[in-house]
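Each remark here refers to the structure printed beneath this line.
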Amino acid sequence: MVLSNFSKIVHSVLFVIFCADLCHGNPFIGLFDPKCVVVQGDCPHENVTFWLYTNQTQSTPLKLDPLNLSPELFQPAKPLYIVIHGYTGDRDYSPNSYIRPALLESQDVYVISVDYGPLVPYPCYFAAVENLPLASKCLGQLINNMVERNIVVNDDIHMIGFSLGAQVAGQTANYLNRRLKRITGLDPAKPMFITVGSERKLDATDAEFVDVIHTDVLGRGMLRSMGHVDFYPNMGPYQPGCRTDNMDDPGSCNHDRAPQYYAESIRNPEGFWSYACPSWLHNLFGLCNPYSNDEIMGHRVKRSASGSYFLRTNEKPPFAMGKQIAQSTKGHQPHALYDYNDLYDEGFEPQLRKAFVDWTDFDFLEFRKMSHFDERHSEALAKH
């Protein structure tokens with residue numbers, strides 16, 4: 001119990017380390033800015049708006065009134081995707097810029113883009129986190145009204161949230177009268193969410209099926225598994241191509257890969273094929289069977305999928321390697337001392353060990369007993 005309480009204190013202190021990446025080197029930026037306020041109010045709220053897109057109205061969306069919804073807008077019945085942006089975003093910002101056109105150009109569906117940009121402006125990350133309940137409550141109001149009035153079938157709704165938007169999706173579940181069929185979390189935001197309760201962040205209880213893609217586990221995204229199934233492309237720390245694509249802010253590139261991968265999974269029939277592993281740490285130290293049962297990541301993931309899965313991607317689009325190529329490269333997943341391009345990097349292992357602050361429930365004693373776990377790795381964990 002003492003160790004557990006100490007762990008929580010450490011988490012609270014170290015969140016500023018993770019926020020430093022998000023806040024461009026200054027974790028306290030915006031903390032005392034008078035422009036950064038926690039907004040109060042009832043729903044509907046002027047700072048939370050909803051925009052309906054169809055295959056015919058991609059460039060001319062309709063702003064929805066949550067209290068005055070016309071059933072004709074959602075006829076005939078089709079799947080409905082609700083896409084939620086993250087910090088500093090809006091309805092045309094990632095993930096909308098990638099996922100909305102992918103959905104509308106390949107399927108006959110409805111897409112609602114949530115815009116709560118006025119609640120999450122730069123540099124107001126601390127206030128933005130505190131404003132998420134308002135955005136979530138208003139989104140919950142919209143969904144409840146659509147379902148209760150039989151405008152949309154509850155099982156046809158799929159929420160997709162990126163970064164803070166993934167946490168909005170999780171919090172929205174608190175306000176729904178019925179649990180949704182599916183929520184997808186794209187690199188859910190980490191700063192200020194490590195130690196909070198399940199009601200404040202996305203988890204597997206928020207929908208009948210929750211799938212999560214982790215692409216920036218050392219920076220802005222969560223390392224801990226959060227859904228029924230969690231995918232870790234390239235182990236999650238660094239995404240191929242990001243060091244060359246964005247040298248000034250590679251963390252942003254890693255983070256943004258999650259919606260890019262998901263958008264490609266809608267269009268690309270080759271698929272992001274992965275293999276199962278008990279946990280991120282098992283895979284980190286090479287203790288997984290790279291030829292275990294395959295699962296496809298993204299839009300076409302099976303609803304029966306569960307656990308943690310790992311895969312590699314290409315540096316540039318198309319990112320997906322396809323099943324045959326993915327199988328041939330499975331055994332080359334990077335481990336503790338190597339970065340994504342297999343170059344020796346002594347600084348990489350300490351970074352990964354620092355990320356272990358997310359894993360409070362890992363059984364290190366059991367880990368040491370496993371075969372293939374060599375002396376160097378045992379010493380590394382002992383120091384942690």
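Each reported figure results from applying straightforward, stated rules to the coordinates on display, with no laboratory input. The structure displayed is predicted, hence computed values, not measured ones. Using ideal geometry, Cβ is built from the backbone for each residue, glycine included, and neighbour counts are taken over all protein chains shown.
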| For 228, 214, 282, what ranking results if the residue with the fewest other Cβ atoms within 10 Å of its Cβ goes first? | 282, 228, 214
| task | Please arrange 294, 42, 115 by counting, for each residue, the other beta carbons lying within 10 Å of its beta carbon, fewest first. | result | 42, 294, 115
| request: Work out Dmax and Rg for the stretch 18-311 from the C-alpha atoms and quote the Rg first, both in angstrom. | output: 18.3, 55
| Computed lengthening from residue 149 to residue 77, 0.36 nm per intervening residue step minus Cα-Cα distance | 24.6 nm
| What distance in nm separates the simple spin-label points at residue 179 and residue 315, each placed 7 Å from Cα in the Cβ direction? | 4.4 nm
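Taking the stretch 130-287, how much of its Cα-Cα pair set, in percent, is spaced more than 20 angstrom apart?
Considering the stretch 130-287, 52 percent of its Cα-Cα pairs are separated by more than 20 Å.
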| remark: Of all trypsin sites (Lys or Arg not before Pro) in the stretch 86-172, the ones in DSSP coil with at most 11 other Cβ atoms within 10 Å are 149
| request: Using the number of other C-beta atoms within 10 angstrom as an exposure proxy, rank 159, 321, 235 with the fewest first. | output: 321, 235, 159
| query | Using only the Cα atoms of the stretch 85-183, what do you get for the radius of gyration and for Dmax, in Å? | reply | 13.5, 40
| task | Go through 123, 88, 163 and say which Cα lies farthest out towards the positive end of the charge dipole of the stretch 18-311; charges sit on Cβ, +1 for Lys and Arg, -1 for Asp and Glu. | result | 163
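Once Rh is set to the Kirkwood radius over Cα pairs, what Stokes-Einstein translational diffusion coefficient, in µm²/s, holds for the stretch 62-111 at a temperature of 37 °C and a viscosity of 0.692 mPa s?
Details: Rh = 12.3 Å.
Stokes-Einstein gives a translational diffusion coefficient of 268 µm²/s.
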